[in-house]
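Working notes for the structure below.
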Amino acid sequence: MTSADSSDRDPSFRFEYDPATIRFGAGCTDDLATELEARGLERALVVCGSTVGSTPEVIDPVRTGLGDRLAGVFDETTPKKRLATAVDGLERLRIEDADVLVSLGGGSSLDVAKVISVLAASDRPATDAAAEFAEMGTITVPEDGLVPIVAVPTTLAGADLSMVAGVTAAPESGLVDEEIGGGISDLGLMPAAAFYDPELVATTPDSILAGSAMNGFDKGIETLYASNATPVTDATARHGLEKLEDGLGAFGDGDRDIETFETILEGIVLVQYGISRPGETTASIIHAFGHGLTRTYDVQQGAAHGVVIPHVLEYCFGQEGVDARSGMLANALGVDEAVDHEAAVIEAVTEIRDGLGLPSRLRDVDGPEPEEFTAVAEAILEDPFMANAPPGLDPSVDEIEGVLEAAW
């Protein structure tokens, strides 16, 4: 094992990143129309779920902020992120003659908005795009014509500064013959702007915030030890984790004032800054575990992360020759004075998870049974994010099964 202080990582890197314009602060959604005007955008279709669309505390500030530039509200997104929903959204986009999509809510609404944008830019029928998705698990992103997106997050998963989107298709839609999961990725899918308003986030129920916060927090953890980490992402992730340790700790203690949400949101912005870049991401082994546990089971992504993270870290720290950067993680989490950095990091992460009230055992979520662990382990190892695992890590199916058994 090596620490961050004695890393043998290659110091050379290439960093290409073109993020959204970031608007931050309580009431910042008041400036939505101003931002659209500056970009020459006139008619906004809000993309959200039915709960968000019918909750005045959330939808009204966005309606007010958009003013005369509000063309309509498409409130049909769900956590399943269905391709059929995007097809319906495309029809609504055309009916309203909208030239910009405003995603409001969690990552699901943002992902659906990105798929709508891709479908709108294509000159082929939606059925052709569905056929490509059924065959390839993705949809070709046109070079021109993408509808710009403005993200207004109300959760803490940290998907807002990303150029990728996950999507699923189900046979009941008539578009595919069997359920398929996949995604799209393109530099043009980075939102044009992202509005981080702590007053909107404060309206989201604690149970939803907790899971999304764990997902966002793990982005900072993963970014520090990812094989493609850079000094730029080291700096943003490290400071972001400091903010999240403070803010999520206060949240776990019951603080719900705007200052707490501001601190958490500052951390979320920082840990996701630069992690989604052309052709790469710093999401790593924990996210691979999350995919393996949620793609075929009804486990919320953040809950899956919370269950496995201490065990994944223990596994990574325990492998000879693996640089999981326990020293830098300890510094970011404020436990760098501990004699044993690895144990202190695991304890700090576990405290965050427990403070959020998330489950701590795999048996307590609606996930796989032990007899299914081999198949889940194989899926985890095949996940693309495993390519970003800490340098030197070369897990086997048996070892991944061992992590799942420890989490059980």
Take region 316-340 and flag every residue that is touching a Gly at 6+ places or on another chain (Cβ under 9 Å) and among the acidic types (Asp, Glu).
Glu320, Asp323, Asp336
Residue pairs meeting the criteria (Cβ under 7 Å; at least 6 apart or on separate chains; first of a type in the set (Lys, Arg), in region 266-283; second open to solvent by 10 Å² or more (accessible area, probe 1.4 Å))
Arg277/Glu16; Arg277/Tyr17
Scan region 44-57 and give yes if some residue there is crowded, with 18+ Cβ neighbours inside 10 Å, under 24 Å from the mean Cα position of the chain (by Cα), polar (S, T, N, Q) and under 25 Å from Val176 (Cβ atoms), otherwise no.
no
Residue pairs, Cβ under 6 Å, 6 or more apart or interchain, first in region 236-264 and within 13 Å of Val201 (Cβ to Cβ), second open to solvent by less than 50 Å² (accessible area, probe 1.4 Å) and among the polar types (S, T, N, Q). List them.
Gly247/Thr260; Gly247/Thr263; Phe251/Thr260
Taking the stated definitions as given, is Pro391 touching a Lys or Arg at 6+ places or on another chain (Cβ under 9 Å) and outside any helix (DSSP H, G or I)?
yes
Check Ala130 against each of (1) under 22 Å from the mean Cα position of the chain (by Cα); (2) buried (at least 16 other Cβ atoms within 10 Å of the Cβ); (3) more than 21 Å from Asp99 (Cα to Cα) and name the one condition it does not meet.
(1)
When region 281-333 is examined, which residues are found to be acidic (Asp, Glu) and either over 15 Å from Tyr225 (Cβ atoms) or in contact with a His (Cβ under 7 Å, 6 or more places away or on another chain) (or both)?
Asp298, Glu320
Would you point out which residue out of Asp60, Asp5, Asp111 is open to solvent by 20 Å² or more (accessible area, probe 1.4 Å), of a type in the set (Asp, Glu) and modelled with pLDDT of 95 or more?
Asp60
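Results for (1) part of a helix (DSSP H, G or I); (2) open to solvent by less than 50 Å² (accessible area, probe 1.4 Å); (3) under 21 Å from Ala20 (Cα atoms); (4) in contact (Cβ under 8 Å) with a residue 12 or more places away in the chain, shown as yes or no for each residue.
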| residue | (1), (2), (3), (4) |
| --- | --- |
| Gly65 | yes, yes, yes, yes |
| Asp68 | yes, no, no, yes |
| Ala71 | no, yes, no, yes |
| Phe74 | no, yes, no, yes |
| Leu104 | no, yes, yes, yes |
Can you tell me which residue in region 143-178 is nearest to Ser212 (Cα to Cα), limited to those that are part of a loop (DSSP other than H, G, I, E, B) and of a type in the set (Ser, Thr, Tyr)?
Thr155
Among the residues of region 169-186, write down those that are open to solvent by 30 Å² or more (accessible area, probe 1.4 Å) and in contact with an Asp or Glu (Cβ under 7 Å, 6 or more places away or on another chain).
Pro171
Please verify whether Ser212 is polar (S, T, N, Q), open to solvent by less than 30 Å² (accessible area, probe 1.4 Å) and at negative phi, treating the condition exactly as stated.
yes
Mind checking which residues of region 196-230 are hydroxyl-bearing (Ser, Thr, Tyr) and in a loop (DSSP other than H, G, I, E, B)?
Thr203, Thr204, Ser227, Thr230
Among the residues of region 264-290, which ones are open to solvent by 10 Å² or more (accessible area, probe 1.4 Å), of a type outside the set (A, V, I, L, M, F, W, C) and either closer than 20 Å to Leu356 by Cα or part of a helix (DSSP H, G or I) (or both)?
Glu266, His287
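The values are calculated or read from the model by the stated rules, or taken from the named source; none is laboratory data. All values derive from a computational prediction rather than experimental measurement. For neighbour counting, all protein chains shown are included, and Cβ atoms are generated from backbone atoms with ideal geometry for every residue, glycine included. Just so you know, the surface numbers come from the protein's heavy atoms only, side chains and all, with ligands and any DNA or RNA stripped out. Shrake-Rupley method; radii C 1.70, N 1.55, O 1.52, S 1.80 Å.
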